[in-house]
Amino acid sequence: MKYFLIFLCVFFQFSSFSQNTDPVFKDLDVFDLQYVSNPQINPDGSVIVYRRMSFDILKDRSVGNLWIVNSDGTNHQKLTSIESAEYGAVWSPSGDRIAFISSTDQGPEIYVYWKNSSKYARISQLEGSPSNLVWSTNGENLAFTMKVKTSPPVLVTMPKKPTGAKWANTARITDRLYHEADGKGYIDTGFTHVFSISAEGSGIRQLTSGDFNHTGPLSWSKSNSKIYFTSNRSASWEYEFRNSEIYSVGVNDKKINSLTDRKGPDFSPKESPNGKYIAYLGFEDKVQAYQNTELLIMDSNGKNKRVLSFNIDSSISSFYWSSDNKGIYCTYDKFGDTKIAYINLEGTDKDLAKNLGGNSIGRPYGGGSFSVSKNGVIAYTNTSYMHPSELTVVNGKKTNQITNLSDELLKNKTLAKVKEVWYKSSFDNRDIQGWVAYPPNYNPEKEYPFLVENHGGPISNYGSRFSAEVQLFAAAGYIVFYPNPRGSTSYGEEFANLLHHNYPAEDYLDVMDGVDFCIKNGIANENMLYVTGGSAGGLMTAWMIGKNNRFKSAVVVKPVMNWISKTLTADNYFQYSDTRLDGQPWENFQEYWDFSPISLVGNIETPTMVMVGMEDLRTPPSEAKQLYHGLKLRKIPTVLVEIPEASHAIANRPSNLITKVAHILAWFKKHP
């Protein structure tokens, strides 16, 4: 027995060593990935606190804790000894403290960390979950948002049950337009309000009132007498779901004033350091499939509104004022790349950094975050196809990556190399961008299976960003092509809005033009084509195999198959009419049907796997089952893969990401 135990120890040590030194990226490597999220630089630009993301292989979930590091990369350490989730870190105006949120046995609470002593303490005992923490400009108080629950509607009074009886749970009654959310399930009744609390932990006050939701990000006025927030406080707010306004609330008198008033979303207010202006995001709603989110400023009293980002044909997603009040730092996407720019108050813009991203590790979507010190030092999450997001600092003309969280895992791996391609649309000669990932140790003299991976959204974009899924496909020997057809963001408002009342349509041609381009240029082999995609990418995959039989096999993941049923069963069912398609399904039945991939199921001859999360509320399992049942009745090779406990974001749990990729590859192998 003794020798057997020794053998087991040696075996597992060897297995672990073999896993970590495998020359290509493997499925279990997903659990070893780490990345940077939400870097917050202190006012003088010398220290950064960020959220370090990793994965717990035993609990099968992501883990996020706060770490602190000097902006030159030295003195890198965990902020606290707290092992539970930490997030939402914000520096005090003087840089002497950090406020953050951490999970406790009683729920999330607010903590304060003192930089000089490295001590920290919980300062709240809340009934709900705080978010959108922000310091007052004098450092004496914090503001945050929190949901205040209300009692759900009750229609009947049940008779008293006998002692010891085990009856069914009470019926759940819903009378709200928005009552469930993917990844969360049923939304508890109640409304989100703005609160304040002393930085020492006393005097929690609810500042807003009424049956309205008041959301962040929040901003204090220079005088600390007001807090700016976003809401829709009109009587018909529930049905004006595309509309929001900027408001202020008096910290002492709790008086609420509206600063904007137009059709469309205005949100994310930030007052300038001198208190003269308020910058915010928004647009005038034209009821389109897509509109650019603009960066605007107005006087602090709500007058003299004007757009600053008029030279940037893309959505602005986050921003910070410069300390001298002369301009604003912001992010936007261009050609599949997220950039940081500076815009002065005349609207002149200048790019300062690129390759922002890496908020997730599944597929190569955009995202990322940044912050700016008073002296203009920028801390941001930098990514490439070679690594998830790392902490990078821009100081003047110098750019320095100061973390290498996944380096121990990836430095000995031969990863897929990604190259950018451009080609012409056969429909209208537009330029279309795509990305090609080549298998490790790619040999141009060999022929490889060619996999099209369609992105979701559809109003989103892929880029040269790290993707565990793409790396796993490539490591299995596939050339992976992921295009940005019309409807994708980062190519201007007009390009993204081409899907307005016209989806799917010519975007299908854009994808197939990319396939033909790759065949013509020796990248792909006509006889070795495969296709997959999730969400809107699942819709596109189903549409493609309904339009042609060129692919050897396909995997349709969490698709929209039927716009009529999807529009009336999804958690966001109320958002689709007029923007995606014209009118409601009962008003425009034929058009809804004509744009539904299920209308093409009679054409499909391609062996097709259908996959969906069993708790998906965005593209409910009934959508996937329509395709599976249709194919099964037609005796087309098919299989339905249902992922337990998975919402629309199947890859949120690392094991589900592995499961997804493994099943896709197994299907392609079965139907080569």
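For the residues Ser131, Ser103, Ser81, Ser118, the requirement of being on the phi > 0 side of the Ramachandran plot and not hydrophobic (A, V, I, L, M, F, W, C) singles out Ser118.
If the condition is being within 30 Å of Gly264 (Cα to Cα) and in contact with a Leu (Cβ under 8 Å, 6 or more places away or on another chain), then the range 579-607 contributes Arg580, Pro585, Asn588, Glu591, Tyr592, Phe595. Here the condition is being in contact with a strand residue (DSSP E or B) (Cβ under 9 Å, 6 or more places away or on another chain), among the hydroxyl-bearing types (Ser, Thr, Tyr) and without any contact (Cβ under 8 Å) to a residue 24 or more places away in the chain; of Ser84, Ser117, it holds for Ser84 alone. For the range 87-109, what are the residues that are in a strand (DSSP E or B) and either among the small types (Gly, Ala, Ser) or touching a residue at least 24 places away in the same chain (Cβ under 8 Å) (or both)? Result: Tyr87, Gly88, Ala89, Val90, Trp91, Arg97, Ile98, Ala99, Phe100, Ile101, Ser102. The set of residues in the range 594-637 that are polar (S, T, N, Q) and within 20 Å of Thr659 (Cα to Cα) comprises Thr608, Thr619. Taking the stated definitions as given, is Phe319 more than 18 Å from Gly216 (Cβ to Cβ) and within 26 Å of the chain's Cα centre (by Cα)? No, not satisfied. All of Ser268, Ser315 fail the test of being buried (at least 21 other Cβ atoms within 10 Å of the Cβ), among the polar types (S, T, N, Q) and in contact (Cβ under 8 Å) with a residue 60 or more places away in the chain, apart from Ser315. Residue check: Asp22 meets all listed conditions (1) modelled with pLDDT under 95; (2) touching a Ser or Thr at 6+ places or on another chain (Cβ under 7 Å) but one, namely (2).
Conditions (1) surrounded by 13 or more Cβ atoms within 10 Å (Cβ to Cβ); (2) free of Cβ contacts under 8 Å to residues at least 12 places away in the same chain, marked per residue:
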{"residue": "Gln125", "(1), (2)": "no, no"}
{"residue": "Trp135", "(1), (2)": "yes, no"}
{"residue": "Leu142", "(1), (2)": "yes, no"}
{"residue": "Lys147", "(1), (2)": "yes, no"}
{"residue": "Pro152", "(1), (2)": "yes, no"}
{"residue": "Met158", "(1), (2)": "no, no"}
{"residue": "Thr163", "(1), (2)": "no, yes"}
{"residue": "Ala168", "(1), (2)": "no, yes"}
{"residue": "Ala181", "(1), (2)": "yes, no"}
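Residue count for the range 515-545 satisfying the condition of being closer than 22 Å to Ala476 by Cα and under 27 Å from the mean Cα position of the chain (by Cα): 8. In the range 365-384, the residue that is nearest to Asn42 (Cα to Cα) out of those that are at pLDDT 95 or above and part of a loop (DSSP other than H, G, I, E, B) is Ser373. If Ile658 satisfies all but one of (1) of a type in the set (A, V, I, L, M); (2) surrounded by fewer than 22 Cβ atoms within 10 Å (Cβ to Cβ); (3) farther than 28 Å from Pro449 by Cα, what's the number of the condition it fails? With respect to (1) of a type in the set (A, V, I, L, M); (2) surrounded by fewer than 22 Cβ atoms within 10 Å (Cβ to Cβ); (3) farther than 28 Å from Pro449 by Cα, Ile658 is out only on (3). Given the criteria among the polar types (S, T, N, Q), out of contact with any Phe, Trp or Tyr (no Cβ under 6 Å at 6 or more places or on another chain), in a loop (DSSP other than H, G, I, E, B) and in contact (Cβ under 8 Å) with a residue 60 or more places away in the chain, does Ser360 qualify? Considered against the rule, which asks whether it is among the polar types (S, T, N, Q), out of contact with any Phe, Trp or Tyr (no Cβ under 6 Å at 6 or more places or on another chain), in a loop (DSSP other than H, G, I, E, B) and in contact (Cβ under 8 Å) with a residue 60 or more places away in the chain, Ser360 comes out as yes. Does Val112 qualify as being at negative phi, surrounded by fewer than 18 Cβ atoms within 10 Å (Cβ to Cβ), within 28 Å of the chain's Cα centre (by Cα) and assigned to a strand (DSSP E or B)? Considered against the rule, which asks whether it is at negative phi, surrounded by fewer than 18 Cβ atoms within 10 Å (Cβ to Cβ), within 28 Å of the chain's Cα centre (by Cα) and assigned to a strand (DSSP E or B), Val112 comes out as no. Reported count of residues in the range 215-263, each being of a type in the set (Gly, Ala, Ser) and either surrounded by 19 or more Cβ atoms within 10 Å (Cβ to Cβ) or at pLDDT below 95 (or both), is 5. Considering Asp60, Asp96, the condition of being of a type in the set (D, E, K, R) and touching a helix residue (DSSP H, G or I) at 6+ places or on another chain (Cβ under 8 Å) is satisfied by Asp60 alone. Quick one: in the range 388-417, which of the residues that are assigned to a strand (DSSP E or B) and of a type in the set (D, E, K, R) is surrounded by the most Cβ atoms within 10 Å (Cβ to Cβ)? Across the range 388-417, the extreme among qualifying residues is Glu390.
Filtering the range 304-312 for residues that are surrounded by 21 or more Cβ atoms within 10 Å (Cβ to Cβ), in contact with a Ser or Thr (Cβ under 7 Å, 6 or more places away or on another chain) and at pLDDT 95 or above leaves an empty set. How do the pairs read when you match residues in the range 470-498 that are more than 21 Å from Ser384 (Cα to Cα) with residues anywhere that are at pLDDT 95 or above and hydroxyl-bearing (Ser, Thr, Tyr), using Cβ under 6 Å and keeping only pairs 6 or more apart or on different chains? These pairs meet every condition: Ala496/Tyr290; Ala496/Thr489; Asn497/Tyr290. The number of residues in the range 438-483 that are closer than 20 Å to Leu410 by Cβ and either more than 26 Å from the chain's Cα centre (by Cα) or hydroxyl-bearing (Ser, Thr, Tyr) (or both) comes to 10.
If the condition is being under 15 Å from Lys547 (Cα atoms) and in contact with a helix residue (DSSP H, G or I) (Cβ under 6 Å, 6 or more places away or on another chain), then the range 506-531 contributes Tyr508, Tyr530, Val531. Restricting the range 621-649 to residues that are over 10 Å from Met611 (Cα atoms) and of a type in the set (Val, Ile, Thr) leaves a set whose member that is farthest from the chain's Cα centre (by Cα) is Ile636.
Remark: pairs (first residue in the range 563-575, farther than 11 Å from Trp586 by Cα and without any contact (Cβ under 8 Å) to a residue 24 or more places away in the chain; second residue surrounded by 15 or more Cβ atoms within 10 Å (Cβ to Cβ) and among the β-branched types (Val, Ile, Thr); Cβ separation under 6 Å; 6+ apart in sequence or on different chains) = Tyr573/Thr567.
For Val134, the requirement of being part of a strand (DSSP E or B), aliphatic (A, V, I, L, M), modelled with pLDDT of 95 or more and in contact with a Gly (Cβ under 7 Å, 6 or more places away or on another chain) is not met. Just one residue in the set Ser102, Ser71, Ser62, Ser94 is buried (at least 17 other Cβ atoms within 10 Å of the Cβ) and closer than 30 Å to Asn274 by Cβ; that residue is Ser71. Residue under question is Asn355, and the condition is that it be at pLDDT 95 or above and closer than 21 Å to Leu33 by Cα; does it hold? It is true that Asn355 is at pLDDT 95 or above and closer than 21 Å to Leu33 by Cα. Which one is farthest from the chain's Cα centre (by Cα) among residues in the range 140-169 that are closer than 30 Å to Trp91 by Cβ and not small (Gly, Ala, Ser)? Filtering first and then ranking leaves Glu140. Only one of the numbered conditions (1) crowded, with 21+ Cβ neighbours inside 10 Å; (2) under 20 Å from Leu499 (Cα atoms) is violated by Val610, and that is (2).
The values are calculated or read from the model by the stated rules, or taken from the named source; none is laboratory data. Quantities reported herein were computed from a predicted structural model and do not represent experimental measurements. Neighbour counts are summed over all protein chains in view; Cβ atoms, including those assigned to glycine, are modelled from backbone coordinates with ideal geometry.
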